[in-house]
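Just below is one structure, and these are the notes that go with it.
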Amino acid sequence: MNTLKSLAAAGAVVTGLFAGTTGAQAADMDIVDTAVAAGQFETLAAALTAAGLVDALKEPGPFTVFAPTDAAFAALPEGTLDTLLMPENKDQLTAILTYHVVPGEVMAADVVELSEAETLNGELIEISIDGDTVKINNAQVEVADIEASNGVIHVIDAVLLPPSH
């Protein structure tokens, strides 16, 4: 429980990732605008655009987005991102991106009740807590509870790949 409080506190302060944007300002913007304003999700924003998902994530929601940073995308094997961004791979990219989104608003405090959650693409993600570490599959949550007008963002350190890919 201590871990969840510290993650929630980190999210409330919007530690460094959201420099120049206060928590209150982020809560006035939707998930896409909040991520773009952070400046550390340019790759995610480009991928959402390529997959045609920007408008969907601007809908009222609520949504919970596990957002990989630019560094997380950079850690993918060389050429993977370029391949995914090709128009002919839009379906695969969409499946991967929707695997990062859970319908509803799942705050850090709610995680203690969950061991898994169903994503928008229909696949399950695993949620685990080990000491001070909260993981979504094999990705570690770096910052939690960044509120937006239509949901919440949790920053993760890796790109989640659905089991079917």
* Asked: Before we move on, is Gly11 modelled with pLDDT under 95, surrounded by 20 or more Cβ atoms within 10 Å (Cβ to Cβ), touching a strand residue (DSSP E or B) at 6+ places or on another chain (Cβ under 7 Å) and assigned to a loop (DSSP other than H, G, I, E, B)?
  -> no
* In the range 49-67, is there at least one residue being within 17 Å of Ile156 (Cα to Cα), in contact (Cβ under 8 Å) with a residue 40 or more places away in the chain and out of contact with any strand residue (DSSP E or B) (no Cβ under 6 Å at 6 or more places or on another chain)? -> no
* Asked: Looking at the range 28-121, what helices (runs of 4 or more DSSP H) fall wholly within it and have at least 3 residues that are out of contact with any His (no Cβ under 9 Å at 6 or more places or on another chain), closer than 21 Å to Glu142 by Cβ and not aromatic (Phe, Trp, Tyr)?
  -> 31-38, 42-51, 70-74
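Pick out the one residue from Ile136, Ile129, Ile146 that is out of contact with any Gly (no Cβ under 9 Å at 6 or more places or on another chain), surrounded by 19 or more Cβ atoms within 10 Å (Cβ to Cβ) and of a type outside the set (Ser, Thr, Tyr).
So the residue among Ile136, Ile129, Ile146 that is out of contact with any Gly (no Cβ under 9 Å at 6 or more places or on another chain), surrounded by 19 or more Cβ atoms within 10 Å (Cβ to Cβ) and of a type outside the set (Ser, Thr, Tyr) is Ile136.
Taking the range 17-63 as the search range and keeping residues that are of a type in the set (S, T, N, Q) and under 21 Å from Val106 (Cα atoms), which one is modelled with the lowest pLDDT? Before the answer, list the steps.
Restricting attention to the range 17-63, the residues satisfying the condition of being of a type in the set (S, T, N, Q) are 21-22, 25, 34, 40, 43, 49.
Then drop every residue that is not under 21 Å from Val106 (Cα atoms), which leaves 22, 25, 34.
Details: Thr22: 42, Gln25: 46, Thr34: 91.
Per the criteria, the residue is Thr22.
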* Asked: What pairs can you find where one residue is in the range 132-149 and more than 11 Å from Met107 (Cα to Cα), the other is among the hydroxyl-bearing types (Ser, Thr, Tyr) and buried (at least 20 other Cβ atoms within 10 Å of the Cβ), and their Cβ atoms are less than 9 Å apart, with a gap of 6+ or different chains?
  -> Glu142/Thr69; Ala148/Thr34; Ser149/Thr34
* Unique residue being under 18 Å from Leu161 (Cβ atoms) and surrounded by fewer than 21 Cβ atoms within 10 Å (Cβ to Cβ) when the list is Leu124, Leu44 -> Leu124
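The values are calculated or read from the model by the stated rules, or taken from the named source; none is laboratory data. Everything numeric here is computed off the predicted structure, so don't read it as measured data. Backbone-built Cβ (ideal geometry, glycine too); neighbour counts: all protein chains shown.
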